[in-house]
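Accompanying notes for the structure given below.
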Amino acid sequence: MWSWKSSPFLLILVQCLNVVGAWEPICKAVPGTPSWPSLEKWKTPNSSIDGRLLQPSPPGAVCHSEQPTYNADTCTTVTRDWTDIDFHAGISNSNAWNNWNNDSCLPYTGTPCSGKGYPIYVINATCKGDVKAGVDFARENNVRLIVKGSGHDYLWR
C-alpha cells in the first residue's frame, strides 16, 4: 500500500514545509522564487560593508564568446591555470574542483557556460564586521550562506 512516508519526493517536500496555521516554506530562498531578496534588498548589505558585495562571473566565462566577460587573452591564462589549486583559491567564487560547481562553466571550447553552479553574490570580507553583515543578511533573508576559506573538509568542500 502506498504511503506518503515511502515517497522520497514527498518526504523532501514535507521537510521543506512547515505547518503553523498555514504552509510556510522553510527551505532557503533561491533566485527566481518569491522569497529571493530584491535587488533593492541586496543594496543594504553592500552599503554596510563599503561596497564589498561582488557579483563575479564564473572564471571560465572569459573563454565563451557569448559571455559578457569574454576575453581571448585572459582565456589563454585561465585555460593554462585551470587545474592549479592556487588559481582557484584566488578567485572569490571558484572551487578547486569543477564538480562542486557542476561543471557549469568550464574554460574549454564546446562546453556550456552558465553561472548556475556559482554563487551569485560574494562578500570580499576584510574584517569581522563584513562577516557579521553577511551572516545577518543571509539569516534575515533566508539565503544560503557558503563560507570560502583556505582549506577543505573531508568531502572536499
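The values are calculated or read from the model by the stated rules, or taken from the named source; none is laboratory data. Predicted, not measured: the structure shown is a model, and the values here were computed from it. Ideal geometry is used to build each Cβ from the backbone, glycine not excepted, and the neighbour counts take in all protein chains shown. Only protein heavy atoms, including side chains, enter the accessible area calculation; ligands, DNA and RNA are left aside. Shrake-Rupley method; radii C 1.70, N 1.55, O 1.52, S 1.80 Å.
Of all residues in the stretch 58-75, those that are within 22 Å of Tyr121 (Cβ to Cβ) have Cβ atoms under 6 Å from Cβ atoms of residues that are aliphatic (A, V, I, L, M) and outside any helix (DSSP H, G or I), 6 or more apart or on another chain, in Pro59/Ile91; Gly60/Leu106.
Considering each residue of the stretch 57-81, count those that are open to solvent by 40 Å² or more (accessible area, probe 1.4 Å) and either assigned to a loop (DSSP other than H, G, I, E, B) or within 11 Å of Leu106 (Cα to Cα) (or both), and give that number.
First pass over the stretch 57-81, keeping only residues open to solvent by 40 Å² or more (accessible area, probe 1.4 Å): 57, 65-74, 76-77, 79-80.
If we keep only those that are either assigned to a loop (DSSP other than H, G, I, E, B) or within 11 Å of Leu106 (Cα to Cα) (or both) too, we end up with 57, 65-71, 79.
Result for the stretch 57-81: 9.
Here is a check on your reading of the model: is Gly129 crowded, with 16+ Cβ neighbours inside 10 Å, at pLDDT 90 or above, in a helix (DSSP H, G or I) and not acidic (Asp, Glu)? Spelling it out, it is not the case that Gly129 is crowded, with 16+ Cβ neighbours inside 10 Å, at pLDDT 90 or above, in a helix (DSSP H, G or I) and not acidic (Asp, Glu).
The requirement of being at pLDDT below 90, of a type outside the set (Ser, Thr, Tyr) and surrounded by 16 or more Cβ atoms within 10 Å (Cβ to Cβ) is not satisfied by Asn102. Note on the stretch 35-56: residues that are open to solvent by 50 Å² or more (accessible area, probe 1.4 Å), assigned to a loop (DSSP other than H, G, I, E, B) and under 25 Å from Cys113 (Cβ atoms) total 2. Evaluate the stretch 89-97: report whether one residue or more is touching a Pro at 6+ places or on another chain (Cβ under 6 Å), of a type in the set (S, T, N, Q), touching a residue at least 24 places away in the same chain (Cβ under 8 Å) and open to solvent by 30 Å² or more (accessible area, probe 1.4 Å). Taking every residue of the stretch 89-97 in turn, at least one turns out to be touching a Pro at 6+ places or on another chain (Cβ under 6 Å), of a type in the set (S, T, N, Q), touching a residue at least 24 places away in the same chain (Cβ under 8 Å) and open to solvent by 30 Å² or more (accessible area, probe 1.4 Å).
Working only within the stretch 82-101, note down all residues that are under 17 Å from Cys63 (Cβ atoms) and outside any helix (DSSP H, G or I).
Taking the stretch 82-101 and keeping what is under 17 Å from Cys63 (Cβ atoms), we get 82-84, 87-88, 91, 93-94, 98, 101.
Scanning the stretch 82-101 gives Trp82, Thr83, Asp84, Ile91, Asn93, Ser94.
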